[in-house]
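Participant: Submitted below is the structure of interest, expressed as structure tokens.
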Amino acid sequence: MSVTVPTPLLVRLDDYTPLLGEPEVAELRTLASRLQLRTVQMVNSTAMGGGVAEILNRLVPILQELGLAIRWEVITGGNDFFEITKAFHNALHGGPYTMPPESFDTFLAYNEQNRLRIRMEAEFIIIHDPQPVAFIRSRRDHSGHWIWRCHIDLSHPNPTVWGFLEPWVNRYDGAIFSSAAFARHLRVPQYLFYPSIDPLSEKNRDLEPELVRGTLERFGIDPERTILTQISRFDRLKDPLGVVRAFQIVKRYFDCQLVLAGGGAGDDPEGEAVLSEVREASANDPDVHILDLPPSSATEINALQRGSTIIIQKSLREGFGLTVTEGLWKSKPVVASAVGGIPLQVIHKHTGLLAHSVEGTAYQIRFLLSNPVIAERLGRQGRAYVREHFLITSSAKRYLALFLHLLDRH
Amino acid sequence: MKKAEQPFQFKTASYLTRITNQVATNLKRLREGLETCSDTSIFNHTFQTLSRHHFLTQGFSNDFAQWVLAACNRPELAEHLASLDIRDYLSLAALRADFRRLVSEYCEQNPQQAEQSAFEPFYFYEAIGVEVPLQMEAWTLRELRDGLQNLSHAAFHFHFIASRLRLQLRTNDFSFWLASCLDLATLARRVNRIDIYTNTLESALHTIIGLVDRELDP
């Protein structure tokens, strides 16, 4: 059965004032003043776990506090439904689609079941990702404003799956993508909404220096020496072996340690294999710290990022790359690959340094270690960039602007 | 203290970014895009980008120059494009014409480079503005100062940078009001001289507040 998620109300808008300044928070209230009691429904497929749920858990209370009558609905389905949507997800990222043709009927049947249970009567309806895409059937006589919010990179979708989804998407009033590179040529207007992080979440809030130091020491990392860190799943697309090779080059010039921290090895056979390869490549170097962390490690990740000298993200492919956003928010100089959403965040030589190879990554790290004043400036500018574009409050502002625009357009 | 006949009405503008289907993968395509993209696209990549990147006070001018430098590795053309100062333009058509001219001249003189693939494509976006009045107005210089202290970045950008296109004058909303409603022409000129390329929005705003303070309490 589908559920309406109770609105979490732990953080208040005023809590963001010390980070953003009074005028910025006041502006959110000004923008919302024309939207008081306007109804909004957000629909997605999970209340907990995953980036979309993480964003909605913060965004919904903020919009509610701003005076919008917002509801968050979560669709449900059997294992067969989620196997199909997982297959959709992989296929939309360019993989093959091996499910039988009748899987599309099963997908639509679950959409129909959920659709009949959830009354879609709000003025603004935001449907997140492909799982509930067929909810657009609930629209009657062009009522309400229906927007499809796509959090997936659609740059190279499997034609079978995209061929099935595209006609549904074209029935909406618009679509939102996280990057122009992730979008498709559609018949409907497309808007750019960056993903965002919450600066008050456990993963991003300020930490006491003692906690940062204590966490480093608990993992056997020397807080007094240079620390290079990549936070990511043990996944070949994150190129952890490339990071080890870049570190080995840097180590010829600088005394430093490498931290590779992430999860995914425990429940993923490929992750386990990658972890073994990384351990082998590091050749028992005591300065390489490989940390396979459980999912509940937000504070540890926060501390590792804050304790680092440089944050690395040497991905071969990437979605938006929120680990980069997290590093920038912590005023860390970032060296990252120019893939996916990373160049949207790392403006080369302004908010970080981009690289295209192992050698390039090593060179940029050496450059920053030799030029700490530049590293400090990049970190400072990186944080400023995140503050204005990639925080949850920026997401709220974009939704307010979208709603106002849709009202003005009609 | 003089009271104006017309108050200064503070407003703000929030911008949505719309993805168009126009993409440039080399300088030749950039030239074509500059010919056919919408005015809101030119606005987005020049006026609006100054707001998005205002904290970069060195080496960032507009999206076209940044892309030509970072993705095409053409520093000479990038410098020319970066040197176009939006304060010199009263219309987007004139600004577009100069961008197009500079890119065209480069492509004609460097036909091989014009067709070389960029590292990253350039996506043409459009800025869709939503204007909202703030519950603040100023009838006197002191009230203007009080209002300035409470302005967000977006509101300040709206009055100080985007205003030129609205006014069709080489000035901004503050200077225009100071000169025309309070007869403070010298202060208006000083405010208008503030360099928006080497200041952040915060530092430009603080400079204006400082100038107003000096006028209030010389």
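The values are calculated or read from the model by the stated rules, or taken from the named source; none is laboratory data. Being a predicted model, the structure only gives us computed values, none of them experimental. Note: ideal-geometry Cβ built from the backbone for every residue, glycine included; neighbour counts use all protein chains shown.
Participant: Does A:Phe254 satisfy the criteria of being assigned to a loop (DSSP other than H, G, I, E, B), within 30 Å of A:Arg149 (Cβ to Cβ) and in the same structural domain as A:Gly319 (by TED's automatic domain parsing)?
Facilitator: Details: assigned to a loop (DSSP other than H, G, I, E, B): yes; within 30 Å of A:Arg149 (Cβ to Cβ): no; in the same structural domain as A:Gly319 (by TED's automatic domain parsing): yes.
No: the conditions fail for A:Phe254.
Participant: Here is a further query. When region A:156-204 is examined, which residues are found to be of a type in the set (Ser, Thr, Tyr) and more than 11 Å from every other protein chain (Cβ to nearest Cβ)? Talk me through it step by step, then tell me what you get.
Facilitator: We begin by selecting, within region A:156-204, every residue of a type in the set (Ser, Thr, Tyr); these are A:160, A:172, A:178-179, A:191, A:194, A:196, A:201.
A:Thr160, A:Tyr172, A:Ser196, A:Ser201, listed by residue number.
Participant: Here's a follow-up. How many residues are farther than 20 Å from A:Glu54 by Cβ, within 20 Å of the chain's Cα centre (by Cα) and among the small types (Gly, Ala, Ser) when one looks only at region A:166-199?
Facilitator: 4
Participant: Of a type in the set (S, T, N, Q), within 14 Å of chain A (Cβ to nearest Cβ), assigned to a helix (DSSP H, G or I) and touching a residue at least 40 places away in the same chain (Cβ under 8 Å): is that true of B:Thr40 in this structure?
Facilitator: Details: of a type in the set (S, T, N, Q): yes; within 14 Å of chain A (Cβ to nearest Cβ): yes; assigned to a helix (DSSP H, G or I): yes; touching a residue at least 40 places away in the same chain (Cβ under 8 Å): yes.
Spelling it out, B:Thr40 is indeed of a type in the set (S, T, N, Q), within 14 Å of chain A (Cβ to nearest Cβ), assigned to a helix (DSSP H, G or I) and touching a residue at least 40 places away in the same chain (Cβ under 8 Å).
Participant: From the set of residues in region A:388-402 that are assigned to a helix (DSSP H, G or I) and more than 9 Å from every other protein chain (Cβ to nearest Cβ), which is farthest from A:Ile197 (Cα to Cα)? Let's see the steps before the verdict.
Facilitator: First pass over region A:388-402, keeping only residues assigned to a helix (DSSP H, G or I): A:388-389, A:392-402.
Now restrict to residues that are more than 9 Å from every other protein chain (Cβ to nearest Cβ): A:392-396, A:399.
Working: A:Ile392: 6, A:Thr393: 9, A:Ser394: 10, A:Ser395: 9, A:Ala396: 12, A:Tyr399: 15 Å.
Among those that are assigned to a helix (DSSP H, G or I) and more than 9 Å from every other protein chain (Cβ to nearest Cβ), it is A:Tyr399.
Participant: I'd like the full set of residues that are without any contact (Cβ under 8 Å) to a residue 40 or more places away in the chain and under 23 Å from the mean Cα position of the chain (by Cα), limited to region A:210-239.
Facilitator: Matches in region A:210-239: A:Arg233, A:Asp235.
Participant: So, B:Ala78, is that one over 19 Å from A:Leu378 (Cα atoms) and facing chain A (nearest Cβ under 10 Å) or not? Steps first, please.
Facilitator: Numbers: over 19 Å from A:Leu378 (Cα atoms): yes; facing chain A (nearest Cβ under 10 Å): no.
Against the criterion (over 19 Å from A:Leu378 (Cα atoms) and facing chain A (nearest Cβ under 10 Å)), B:Ala78 does not qualify.
Participant: Which strands (runs of 3 or more DSSP E) sit wholly inside region A:264-344 and have at least 3 residues that are surrounded by fewer than 22 Cβ atoms within 10 Å (Cβ to Cβ)?
Facilitator: Working: elements: A:288-292, A:310-313, A:334-337.
Counting at least 3 such residues, we get A:288-292.
Participant: Kindly provide the set of residues from region B:160-201 that are within 18 Å of B:Thr49 (Cβ to Cβ) and touching a residue at least 40 places away in the same chain (Cβ under 8 Å), ordered by number.
Facilitator: B:Phe160, B:Ile161, B:Ala162, B:Arg164, B:Leu165, B:Ile196, B:Tyr197, B:Thr198, B:Asn199, B:Thr200, B:Leu201
Condition check ((1) surrounded by fewer than 17 Cβ atoms within 10 Å (Cβ to Cβ); (2) touching a Phe, Trp or Tyr at 6+ places or on another chain (Cβ under 9 Å); (3) more than 25 Å from A:Arg58 (Cβ to Cβ)) across all residues:
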{"position": "A:Ala355", "(1), (2), (3)": "no, yes, yes"}
{"position": "A:Leu368", "(1), (2), (3)": "no, no, yes"}
{"position": "A:Leu391", "(1), (2), (3)": "no, yes, no"}
{"position": "A:Lys397", "(1), (2), (3)": "no, no, no"}
{"position": "A:Leu406", "(1), (2), (3)": "no, yes, no"}
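Participant: So, one more: Among the residues of region A:272-312, which ones are over 20 Å from A:Gly50 (Cα atoms) and of a type in the set (S, T, N, Q)? Step through it out loud before you land on a result.
Facilitator: Step one: list which residues in region A:272-312 are over 20 Å from A:Gly50 (Cα atoms), which gives A:272-291, A:303-312.
Result: A:Ser276, A:Ser282, A:Asn284, A:Gln305, A:Ser308, A:Thr309.
Participant: Could you list all residues from region B:40-89 that are more than 14 Å from the chain's Cα centre (by Cα) and surrounded by fewer than 16 Cβ atoms within 10 Å (Cβ to Cβ)?
Facilitator: Those that are more than 14 Å from the chain's Cα centre (by Cα) and surrounded by fewer than 16 Cβ atoms within 10 Å (Cβ to Cβ): B:Gln58, B:Gly59, B:Asn73, B:Pro75, B:Glu76, B:Glu79.
Participant: Kindly provide the set of residues from region B:58-74 that are farther than 20 Å from B:Asn199 by Cα, assigned to a helix (DSSP H, G or I) and within 12 Å of chain A (Cβ to nearest Cβ), ordered by number.
Facilitator: Across region B:58-74, the qualifying residues are B:Trp67, B:Leu69, B:Ala70.
Participant: Quick check on region B:1-18: of everything there that is touching a Phe, Trp or Tyr at 6+ places or on another chain (Cβ under 7 Å) and hydrophobic (A, V, I, L, M, F, W, C), which residue is farthest from the other protein chains (Cβ to nearest Cβ)? Reasoning before the result, please.
Facilitator: Filtering region B:1-18 for residues touching a Phe, Trp or Tyr at 6+ places or on another chain (Cβ under 7 Å) gives B:3-4, B:7-8, B:11-13, B:16-18.
If we keep only those that are hydrophobic (A, V, I, L, M, F, W, C) as well, we get B:4, B:8, B:13, B:16.
Working: B:Ala4: 23, B:Phe8: 17, B:Ala13: 9, B:Leu16: 5 Å.
This residue is B:Ala4.
Participant: Tell me the residue from A:Gly360, A:Gly352, A:Gly382 that is more than 11 Å from chain B (Cβ to nearest Cβ) and under 23 Å from the mean Cα position of the chain (by Cα), please.
Facilitator: Values: A:Gly360 fails: under 23 Å from the mean Cα position of the chain (by Cα); A:Gly382 fails: more than 11 Å from chain B (Cβ to nearest Cβ).
Result of the check over A:Gly360, A:Gly352, A:Gly382: A:Gly352.
Participant: Could I ask something else about it? Confirm whether B:Asn21 is within 12 Å of chain A (Cβ to nearest Cβ) and either assigned to a helix (DSSP H, G or I) or small (Gly, Ala, Ser) (or both).
Facilitator: On the way: within 12 Å of chain A (Cβ to nearest Cβ): yes; either assigned to a helix (DSSP H, G or I) or small (Gly, Ala, Ser) (or both): no.
Considered against the rule, which asks whether it is within 12 Å of chain A (Cβ to nearest Cβ) and either assigned to a helix (DSSP H, G or I) or small (Gly, Ala, Ser) (or both), B:Asn21 comes out as no.
Participant: So, one more: With respect to B:Leu187, determine if the residue is part of a helix (DSSP H, G or I), outside the structural domain of B:Leu90 (by TED's automatic domain parsing) and either out of contact with any Asp or Glu (no Cβ under 6 Å at 6 or more places or on another chain) or modelled with pLDDT under 95 (or both). Before the answer, list the steps.
Facilitator: Details: part of a helix (DSSP H, G or I): yes; outside the structural domain of B:Leu90 (by TED's automatic domain parsing): yes; either out of contact with any Asp or Glu (no Cβ under 6 Å at 6 or more places or on another chain) or modelled with pLDDT under 95 (or both): no.
Taking the combined requirement at face value, the residue does not satisfy it.
Participant: Which of (1) within 18 Å of the chain's Cα centre (by Cα); (2) among the small types (Gly, Ala, Ser); (3) more than 14 Å from chain B (Cβ to nearest Cβ) does A:Gly340 not meet, given it meets every other one?
Facilitator: Tallying (1) within 18 Å of the chain's Cα centre (by Cα); (2) among the small types (Gly, Ala, Ser); (3) more than 14 Å from chain B (Cβ to nearest Cβ), A:Gly340 fails exactly one: (3).
Participant: Could you tell me how many of the residues in region A:205-241 are closer than 15 Å to A:Gly321 by Cβ and in a loop (DSSP other than H, G, I, E, B)?
Facilitator: 4
Participant: Related question: Give the residues of region B:121-144 that are of a type in the set (Asp, Glu), in a strand (DSSP E or B) and more than 10 Å from chain A (Cβ to nearest Cβ), sorted by residue number.
Facilitator: Residues of region B:121-144 that are of a type in the set (Asp, Glu), as a first pass: B:126, B:131, B:137, B:143.
Still in the list and also in a strand (DSSP E or B): B:126, B:131, B:137.
Within region B:121-144, B:Glu137 is the sole residue that qualifies.
Participant: Residue by residue through region B:145-159, note down the ones that are of a type in the set (A, V, I, L, M, F, W, C), facing chain A (nearest Cβ under 8 Å) and under 10 Å from B:Ser51 (Cα atoms). Break it down into steps so the answer makes sense when it comes.
Facilitator: First, the residues of region B:145-159 that are of a type in the set (A, V, I, L, M, F, W, C): B:148, B:151, B:154-156, B:158.
Filter once more, so that each one left must be facing chain A (nearest Cβ under 8 Å): B:151, B:154-155.
Within region B:145-159, just B:Ala154 meets the criteria.
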